[in-house]
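Contents: one structure, followed by commentary.
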There are 2 protein chains.
Amino acid sequence: MSDAEQTRQNILTVAADEIHHHGFKATSLSSILNRCEISKGALYYHFTSKIELGYAVFEEIYTPMFLSVWQTPLTDEDPIEGLCKFLTAMTDEMSCSEVVCGCPLNNLCEEMANVDEGFRLRILCMQEQLNQLIVDALERVSEDLRDNLAFSQVGYFIVATLNGATSLSKSSRNKELFQQVIAELCLYIRALKK
Amino acid sequence: MSDAEQTRQNILTVAADEIHHHGFKATSLSSILNRCEISKGALYYHFTSKIELGYAVFEEIYTPMFLSVWQTPLTDEDPIEGLCKFLTAMTDEMSCSEVVCGCPLNNLCEEMANVDEGFRLRILCMQEQLNQLIVDALERVSEDLRDNLAFSQVGYFIVATLNGATSLSKSSRNKELFQQVIAELCLYIRALKK
DNA sequence: ATAATAACCAACCGCTCGGTATGTTGCAAG
DNA sequence: CTTGCAACATACCGAGCGGTTGGTTATTAT
């Protein structure tokens, strides 16, 4: 990787972390510059504006990471069990900073979706991709599931509940609350089976 | 009501609306001053700082409104049906601005809980009050419900899912997504019964 | 050897923000 | 009649922000 590309990646990584911790608007460029030990000129050589940097973080860091994390359990032979194991594993592996900071995508969603159209469209696109992943997985094993299930609706329900659980534990700083909601969610998910 | 108290209430009302629309940090005092047609001196006569104003909005506007809205369906003779009707009524009556702006308390939660301890404690307190309301309602009709239900867990699950649904519809600007998640949530709630 | 370009740096700019210090007004008590 | 305080208004401050401008290197092509 060239030096320039190395610098760019470094900016992206640091920016992703800063945005995760402080939100997009509250993240100042100077804090990124300090951590990267570069000047403002360097940053503006690679990105035309703060918001373009935000888009790049979203597309090149957050989205790929997020989708790949979901892909694994959903392509499992038994996606129902895969999902439940995935969710309970989340509660176990959840670090302190993850409890406090929440999901980066979820946060960005809350903060920017109704403020900036560019973010909104990117978020929308990613949400649909995720929902499609879930729907595909459910359809694949539809013969084992209850009749009259609305797969898309189920997908959004799962995602919404997970987001709500993250948000709840974030504001209460209580990992247990998250575990409780996830436990109840797993009951719901397993009950999708015949 | 005295003139001074009238001014204070006016500030609170306008601030509540501004914070709902733009978030706490992004709400500038000057926008409040403009809408109230008062000076900065007037505001700082009634409130010692921006964050104290925020606390007052939380305690005197958001919390009472929020709790009273939940109280009605939960004290219904049949809280299960009361909740479901309450939730579906929300989807019908939801205005455009409510879709875009989301729930004021939920927003404040996301934005401020892990930034300011004062907000976090107030949010925590209110969440527990709400959960207690739900638990009380469920216990009251526990004979009609399935055995082995963890009431508190169920309460947090419902709140988390509703929050997630609000967040989802907010970022996608799609009322239908909210309706879908709520529809699925009502299925879950009704399935609590024997 | 020179010219050009990629990759970066340092200094500065205008703006808005929350907050403060001081000035003004009207009414009510003595 | 005046003194005093409640209830404001006005003007200003320093800090931090995103962004711009005008250099400065190091490397590469000619």
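The values are calculated or read from the model by the stated rules, or taken from the named source; none is laboratory data. Every value quoted in this text rests on a predicted model; they were computed, and no experiment measured them. Here the Cβ positions follow ideal geometry from the backbone for every residue, glycine too, while neighbour counts run over all protein chains shown.
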Check your understanding: Can you spot a residue in the range A:23-31 that is away from DNA strand C (no atom under 11 Å from the Cβ), in a helix (DSSP H, G or I), in contact (Cβ under 8 Å) with a residue 24 or more places away in the chain and within 14 Å of chain B (Cβ to nearest Cβ)?
Key -> no
Practice item. Looking for whichever is of a type in the set (V, I, T), within 14 Å of DNA strand D (Cβ to nearest atom) and more than 14 Å from chain A (Cβ to nearest Cβ) here; the options are B:I11, B:I80, B:I51, B:I61. Which one fits? Key: B:I11
Exercise for review: Please work out if A:I19 is under 28 Å from A:Q127 (Cβ atoms), in contact (Cβ under 8 Å) with a residue 24 or more places away in the chain and within 8 Å of DNA strand D (Cβ to nearest atom).
Suggested key: no
Revision key, fill the gap. Residue set B:T161, B:T166; condition within 11 Å of chain A (Cβ to nearest Cβ), of a type in the set (S, T, N, Q) and in contact with a Leu (Cβ under 6 Å, 6 or more places away or on another chain); output residue B:T161
**Study point:** Flag if B:L149 is within 11 Å of another protein chain (Cβ to nearest Cβ), surrounded by fewer than 20 Cβ atoms within 10 Å (Cβ to Cβ), in contact (Cβ under 8 Å) with a residue 24 or more places away in the chain and more than 25 Å from B:A16 (Cβ to Cβ)
**Key:** yes
Review point. Exactly one of (1) away from DNA strand C (no atom under 16 Å from the Cβ); (2) closer than 27 Å to A:V115 by Cβ; (3) not in a helix (DSSP H, G or I) is unmet by A:T48. Its number?
Key: (1)
Study note, to complete from the structure: All conditions in (1) modelled with pLDDT under 95; (2) surrounded by fewer than 22 Cβ atoms within 10 Å (Cβ to Cβ) are true of B:L192 except (1)
Review point. Being within 11 Å of DNA strand C (Cβ to nearest atom) and either out of contact with any helix residue (DSSP H, G or I) (no Cβ under 6 Å at 6 or more places or on another chain) or modelled with pLDDT of 95 or more (or both), is that true of even one residue in the range A:54-68?
Key: no
**Study point:** Subset of the range B:1-22 [over 25 Å from B:C103 (Cα atoms), part of a helix (DSSP H, G or I) and more than 10 Å from DNA strand C (Cβ to nearest atom)]
**Key:** B:A4, B:E5, B:Q6, B:T7
